[in-house]
Amino acid sequence: MEPFPVIRFEPPTLHVLDQVGLPHEERWLALTRLDELEEAIRALRVRGAPLLGLCGAAGVAMAAGHDPGDDALRAAAERIAAVRPTAVELATGAGACLAAALAVPPGERAKTAWAFCREYFRRRQEEDRELAEVGAEMLPAGDVLTHCNTGTLATGGIGTALGVVRAAHARGKLGTCYVTETRPLLQGARLTAWELQRSGIPAMLLPDTAAASLVVSGRVASVVTGADRIAMNGDTANKVGTLGLALAAARGGVPFYIAAPTSTIDPKCKTGAGIPIEFRPETEVGGYGSVRWAPDGVPAWNPAFDVTPAELISGIVTERGVARAPYRESLARLFRATTGEPSDG
Ligand code: MRU
């Protein structure tokens, strides 16, 4: 269950696998400037909440190599965090690396920031492994449905929800992993299907529109997805379409789990109403890449994420254990155990 390489920190360069070309083209990008990193994040060349956290940190490290002054570093962290607003980790990663850099004299900041990135990455991989074991223990045996991509491509480690799938497979508990294609950018069809295939895990792709009937039919024993931000009451933002899966799971009496590291819990967000939702270009809905299938000029509604209310979530699997309702208490406990700080949620 070793992750394959998707990110490398080689000061002054951040190397990332360009996910836009996958699965047919494996191309690496060498990023040294903040505007290059911003473009890569905006275009989803790098994506997935935990991997975005690493990119946020790397953005600060890159900036420190150009201008290690306090104001320049603060501005860089803010700039990176603003590129995609929903995944809390992008801002957290940038902020944590900023704090590490500001704690040392300007001449040492770039070196310190790059060292921070490497250590953050090491911890991230460890957390994925811990989370996967917690999740695999809890997951009912049988087939599972997942959404979007939460694997190595999303974290650099073995993944969150997909890490749970991998660990369940390793324990012999998993039948087939059903994978939604995840319109409009096809993270399920292009990325998750590819990751499962290369790991030898039985995968079955389905159109997003077939997911409700599959889940309600009782054919899957559980649904498990990742998260981009978890409010203190358990409301959870994840890839658009997650809410529909949770509703179908509730209707079908199928457990619906979120798998995400504790760093996804946002103590500043009391409920899902406070989670900012990223809207993406309308052109993504009417075609893919250079192929267009919708007529020009028809507007499109294209939120990248939706919020699943806590009452539809059977459990939130983290590296520190499974949080269950009432989430206000269980998440506050997890948050305290992780950070040592009280949450005001
Ligand atoms: O727009 P994306 O591809 O970055 O969205 C990714 C998701 O929604 C994932 O489920 C989430 O970030 C968790 S990744 C471990």
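The values are calculated or read from the model by the stated rules, or taken from the named source; none is laboratory data. Values in this document were obtained by computation on a predicted structure and should not be read as measured data. Neighbour counts are summed over all protein chains in view; Cβ atoms, including those assigned to glycine, are modelled from backbone coordinates with ideal geometry. Note: accessible area is taken over every heavy atom of the protein model, side chains too, but ligands, DNA and RNA are not part of it. Shrake-Rupley method; radii C 1.70, N 1.55, O 1.52, S 1.80 Å.
Computed values, structure above
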| quantity | calculated |
| --- | --- |
| Counted residues, region 181-190 - those being more than 17 Å from residue 280 (Cβ to Cβ) and open to solvent by less than 10 Å² (accessible area, probe 1.4 Å) | 0 |
| Candidate set from region 117-132 (those that are out of contact with any strand residue (DSSP E or B) (no Cβ under 7 Å at 6 or more places or on another chain) and open to solvent by 40 Å² or more (accessible area, probe 1.4 Å)); member that is nearest to residue 163 (Cα to Cα) | 129 |
| Residue that is more than 16 Å from the ligand (Cβ to nearest atom) and under 14 Å from residue 3 (Cβ atoms), where the choices are 171, 122, 118 | 122 |
| Some residue of region 275-284 being assigned by TED's automatic domain parsing to the domain that holds residue 164, buried (at least 24 other Cβ atoms within 10 Å of the Cβ) and among the hydrophobic types (A, V, I, L, M, F, W, C) | no |
| Breaking point among (1) outside any loop (DSSP other than H, G, I, E, B); (2) within 13 Å of the ligand (Cβ to nearest atom); (3) in contact with a Cys (Cβ under 9 Å, 6 or more places away or on another chain), for residue 145 | (2) |
| Flag for residue 307 being among the β-branched types (Val, Ile, Thr), within 16 Å of the ligand (Cβ to nearest atom), open to solvent by 20 Å² or more (accessible area, probe 1.4 Å) and not in a loop (DSSP other than H, G, I, E, B) | yes |
| Region 30-57, residues that are within 16 Å of the ligand (Cβ to nearest atom) and over 16 Å from residue 88 (Cβ atoms) | 37, 38, 39, 40, 42, 43, 44, 45, 46 |
| Test for residue 288: is it within 23 Å of residue 127 (Cβ to Cβ), in contact (Cβ under 8 Å) with a residue 12 or more places away in the chain and either touching a strand residue (DSSP E or B) at 6+ places or on another chain (Cβ under 8 Å) or open to solvent by 10 Å² or more (accessible area, probe 1.4 Å) (or both) | no |
| Number of the exception - residue 269 against (1) over 23 Å from residue 183 (Cα atoms); (2) within 16 Å of the ligand (Cβ to nearest atom); (3) surrounded by fewer than 18 Cβ atoms within 10 Å (Cβ to Cβ); (4) not charged (D, E, K, R) | (3) |
| Selection within region 200-235 - more than 10 Å from the ligand (Cβ to nearest atom) and among the polar types (S, T, N, Q) | 209, 213, 217, 222, 233 |
| Region 6-20, residues that are assigned to a loop (DSSP other than H, G, I, E, B) and in contact with a Leu (Cβ under 7 Å, 6 or more places away or on another chain) | 6, 18, 19, 20 |
| Residue within region 247-256 that is in the same structural domain as residue 162 (by TED's automatic domain parsing) and within 14 Å of the chain's Cα centre (by Cα) present | no |
| Selected residue [assigned to a helix (DSSP H, G or I) and either among the acidic types (Asp, Glu) or in contact with a strand residue (DSSP E or B) (Cβ under 7 Å, 6 or more places away or on another chain) (or both)] from 249, 210 | 249 |
| Single residue of region 216-238 satisfying the filter (under 19 Å from residue 92 (Cα atoms) and part of a strand (DSSP E or B)) that is most open to solvent (accessible area, probe 1.4 Å) | 229 |
| Region 57-97, residues that are without any contact (Cβ under 8 Å) to a residue 24 or more places away in the chain and in contact with a His (Cβ under 9 Å, 6 or more places away or on another chain) | 72 |
| Among the residues listed as 23, 85, 68, the single one being over 30 Å from residue 193 (Cβ atoms), open to solvent by 10 Å² or more (accessible area, probe 1.4 Å) and either among the polar types (S, T, N, Q) or not in a helix (DSSP H, G or I) (or both) | 68 |
